[in-house]
1. Among the residues of the stretch 76-88, how many are out of contact with any Phe, Trp or Tyr (no Cβ under 7 Å at 6 or more places or on another chain) and buried (at least 20 other Cβ atoms within 10 Å of the Cβ)?
2. Restricting the search to the stretch 177-215, which residues are buried (at least 20 other Cβ atoms within 10 Å of the Cβ), in contact with a strand residue (DSSP E or B) (Cβ under 7 Å, 6 or more places away or on another chain) and small (G, A, S)?
3. Please give the number of the condition A218 fails out of (1) touching a residue at least 24 places away in the same chain (Cβ under 8 Å); (2) buried (at least 19 other Cβ atoms within 10 Å of the Cβ); (3) under 14 Å from C62 (Cβ atoms).
4. Output the residues belonging to the stretch 60-99 that are within 19 Å of I235 (Cα to Cα) and touching a strand residue (DSSP E or B) at 6+ places or on another chain (Cβ under 9 Å).
Amino acid sequence: MFDSLNDFDREASDIPRRPHKRPSYPHLWAFMCASPGANIGEKYERMLSDIAAFKNLFATQCSKDFAVVPAFPFTFFGAKIKLPDDSVFTLDAGQVNTKDPLSVENVKKLYDYVKKWDENRDRDPNTNNIPPSSIIIMYVSGDYIENDGFTTGYAFGNELPYLIFLTNKASSDTFAHEVGHVLNYSNKNGPKDDPDPASPPDKPSHNKNEGNLMYKEAGHTITQAQCAQFSESKIILRSHL
Ligand SMILES: [Zn+2]
């Protein structure tokens, strides 16, 4: 089931929440949501298959159970979100541009709004023992971000959660690639780049081998060095027991 949220006609706090059960194996606790124009399938098949493909990648190549787990049922946003300062954000790839200061400012406002809403869900006495989400994953309408990208991620200092946008062109490999960036970026021991990066100087966050998960165009091969570095991320939750 989708939860729904359109701030034009209802208050977020009115919606009852039941968190999902957390698995006993390592996982990332995510807020997963979509805008109406996002092509996610009638029964959210795309979101479910992205989650399944990610788990499969780690099970087969890192020999580990590791998953992105939606903390709550998928959230369905309205096409336009009215933010607390009365500005309106249209949830579309065309509105996301890391090179445009106004877009960055608007994305930050959207982020603050979603983050606050996500945190407020934890006030329910039935849910107050669960951690806040460490990644917000937003499926938006449109094909391209900044003319040619299928995705982009944001980190706001050391603040959690991280934020990932996925357009209609983003594949399951893209989903895993973006989460890979977040895992590297949140490495507790320091390195934020790929352990076997592209030749300097351009993009040390990307792998140099085509077909690799962290190649600039996401493939799905993961090396043992990448598995090891990913597992050092400080946002991985290990057990709720
Ligand atoms: Zn990348």
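1. Final tally of qualifying residues: 1.
2. Scanning the stretch 177-215 gives a single hit, S186.
3. (3)
4. Going through the stretch 60-99, the residues within 19 Å of I235 (Cα to Cα) turn out to be 62, 64-72.
Matches in the stretch 60-99: D65, F66, A67, V68, V69, P70, A71, F72.
Any read-out appearing in this document is the output of simple, stated calculations on the displayed coordinates, not a laboratory observation. All figures in this text were calculated on a predicted structure; none of them were measured in a lab. Counting neighbours? That spans all protein chains shown, and the Cβs are built from the backbone with ideal geometry, glycine included.
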